[in-house]
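For reference, the structure discussed in these notes is given below.
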Amino acid sequence: MSEIALGCIGLVVLLMLFLTGIELGFAMTIIGFLGFGILRSFNAAINLMAKDFFDAFTSYAFIVIPLFVLMGQAAYNSGMAEKLYSTTRKFVGHVPGGLALATVVGATIFKAISGSTLATAATFSGVAIPEMDKYGYGRKLSTGVVASVGTIGMLIPPSGNLIIFAMITEQSVGKLFLAGILPGVMIAFMFLCVVVGWCMINPALAPRGPKFSWNERMKGVPMVIWPVVIFVVVIGGLLAGFFTPTEAGAAGSIAVLALTMLKKDLNFKGFVQSVSESLRMGCMVLVLIAGSAVLGHFIAMSKIPAAVADWTLGLGIHPVLILCMIIFIYLLGGSFIDDIAFMILATPIFYPVVLQLGFDPIWFAMIIAVTLMIGVIIPPVAVAVFIVKTITKDSIWLVYKGVMPFLIALFVGLALLFVFPQIATYLPGVLMK
Amino acid sequence: MMRKVLTDMSNRISTWLEVIAGVAIVLVMILTGCDIVGRAFGRPIPGTYEIVSFAGGLVIGLALPVTSRVRGHVMVDLITARISSRAAGVLHGITRVMGIALFLLLSYAIARMGMQLKEAGEVTPVLSLPFHLVAYLIAGACFVECLILVGDIARGGGASHE
């Protein structure tokens, strides 16, 4: 049997193994180990597996993942998201659709220090939806906006997805963070436009909320300023070359922990919970990375990436069409499997193709991030939608209907990013020459 | 009775390992923070890179059992959620056995790697920290992971998925 045939069989068995409910990282390791063992020798496969796990677990670069999760979890457990929402709603709550606008703005600022899409969806489900209920907002709008806003975090730094993409493709984390800012802000702005447009078409959907005095509004401003200051220092320090990504994660965690503990927003229980969550999330991601490293050795040895690259280039079709096919595969995969897991699995296979086609890797990362944003809110595995549905006890179809206009905005955002790569490449080009 | 003892033991060990991992991540954070401040004043802490890398091994390796215990790893339940509980139970048992075999092998492989590192006298360049100690700890954590998976079979996969 040829190496490529064995590689293809390995991938098919891997997909079948996924359906058994086994942990994806375990499945990748098992198939990688067996495949490498068959192609080379099982003794070499044992050594390789040990080395891949040891290297992934003791990597200085990878410790950035639990550190940034710790930063986000501390912010989450301190109730920072609720306070951000409370402040933004005082500014815009009185305009039609204002509470939904406040949700988008509050979540975008919260995402600047928290990397978790699901934590944002869960928090705003508990905070923003009851508030919108109080003022008679339609559930379609309120659940739709909350399920969608969490996705913005995949672009706004410090995005976990972008960090992992950088690790897999050996790109600069700083460049990817910079590249994510404009598309992230653009999509947040498009979400705001969706809310305004929807409320203009159907004003009954979002009645005006109460109007607050400037004195009341200004009281909450420090709550917005602190996360922005931390974001600027941490990400600015990283981009200026003062921090490595790991140091940026540590500095950000210290800053958020110090801020929330000094303000007595985070107690010891919340601190322990944050640490615990950072360990589990870090472990989950690193087992996936270690598993993909083992699988990657098998796939590389089976010569599949080179064959995929040769095959696609030999098709003679336009590179943009090939890229569209790759995006479609990410969209399909991301909507069936966890977004991070699918990115870790698919990127080593498709990234060489993208490079050979001559596309900018930074731009490709942004395209993939937006594609995965779409993946987490479309069926069948729309995790963000499930979370909102579980918390609000609404029907899943109502939440899907609410998500639909935001989904269209995401597709428009993806198309704009596709046609104008400068949206992603401008900032890294100017600031990180 | 045996089931309870096994579950209790694996739970207790994984909790202790989690505590050590938690202390390690906090120390990593503080050490890195101090190094940044020290560097700003021209006095960086020597060997920070090595300590953080080693501690990273502790953080991730020792968090492995508890992550499995709370079912914090990514898995796809598209099929298992739609089949009969009996069939799902059988599939669950098969995947646990595969996991146990994998982590027994990993535990052995990383311990063997640790022995090779010890024999070769491999240490870090600045602080001369021996690599094999971290390898042994990760190998031990992989073995505890097996216990968790055995406990998972005993429980019948009752833990909630995160």
Task: Checklist (1) under 30 Å from B:Arg39 (Cβ atoms); (2) modelled with pLDDT of 90 or more applied to A:Lys263, failing item - done: (2)
Task: Segments classed as helices (runs of 4 or more DSSP H), wholly inside segment A:149-251, with at least 2 members that are within 30 Å of A:Leu345 (Cα to Cα) and either of a type in the set (D, E, K, R) or within 14 Å of chain B (Cβ to nearest Cβ) (or both) - done: A:160-169, A:221-239
Task: segment A:261-296, residues that are more than 14 Å from every other protein chain (Cβ to nearest Cβ), in a helix (DSSP H, G or I) and either in contact with a Ser or Thr (Cβ under 8 Å, 6 or more places away or on another chain) or within 22 Å of A:Ala61 (Cα to Cα) (or both) - done: A:Gly296
Task: Boolean, B:Thr7 is polar (S, T, N, Q), under 23 Å from A:Gly270 (Cβ atoms) and open to solvent by 10 Å² or more (accessible area, probe 1.4 Å) - done: no
Task: Close pairs from segment A:163-181: first over 11 Å from A:Met366 (Cα atoms), partner assigned to a helix (DSSP H, G or I) and of a type in the set (Phe, Trp, Tyr), Cβ under 6 Å, at least 6 apart - done: A:Thr169/A:Tyr351
- [ ] Output the residue which, of all residues in segment A:58-108 that are open to solvent by 10 Å² or more (accessible area, probe 1.4 Å), touching a Leu at 6+ places or on another chain (Cβ under 8 Å) and closer than 29 Å to A:Thr169 by Cβ, is nearest to the other protein chains (Cβ to nearest Cβ).
- [x] A:Phe62
TODO: For segment A:34-47, name all the residues that are within 9 Å of another protein chain (Cβ to nearest Cβ) and open to solvent by 30 Å² or more (accessible area, probe 1.4 Å).
DONE: A:Asn47
Open item on the list: On the basis of being facing chain A (nearest Cβ under 7 Å), assigned to a loop (DSSP other than H, G, I, E, B) and more than 16 Å from the chain's Cα centre (by Cα), does B:Ile79 make the cut?
Closed with: yes
- [ ] Give just the number: which of (1) at pLDDT below 95; (2) closer than 15 Å to B:Leu147 by Cβ; (3) within 7 Å of chain A (Cβ to nearest Cβ) does B:Gly99 not satisfy?
- [x] (1)
TODO: Give segment A:193-210 a look and list any residue that's at pLDDT 85 or above and either among the hydrophobic types (A, V, I, L, M, F, W, C) or open to solvent by 90 Å² or more (accessible area, probe 1.4 Å) (or both), or say none.
DONE: A:Cys193, A:Val194, A:Val195, A:Val196, A:Trp198, A:Cys199, A:Met200, A:Ile201, A:Ala204, A:Leu205, A:Ala206
- [ ] Could you please find all residues in segment B:37-64 being within 10 Å of chain A (Cβ to nearest Cβ) and surrounded by fewer than 21 Cβ atoms within 10 Å (Cβ to Cβ)?
- [x] B:Val37, B:Arg39, B:Ala40, B:Tyr49, B:Glu50
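The values are calculated or read from the model by the stated rules, or taken from the named source; none is laboratory data. Because the structure is a prediction, the values reported are computed rather than measured. Ideal geometry is used to build each Cβ from the backbone, glycine not excepted, and the neighbour counts take in all protein chains shown. All accessible areas refer to the heavy atoms of the entire protein, side chains included, with ligands and DNA or RNA removed. Shrake-Rupley method; radii C 1.70, N 1.55, O 1.52, S 1.80 Å.
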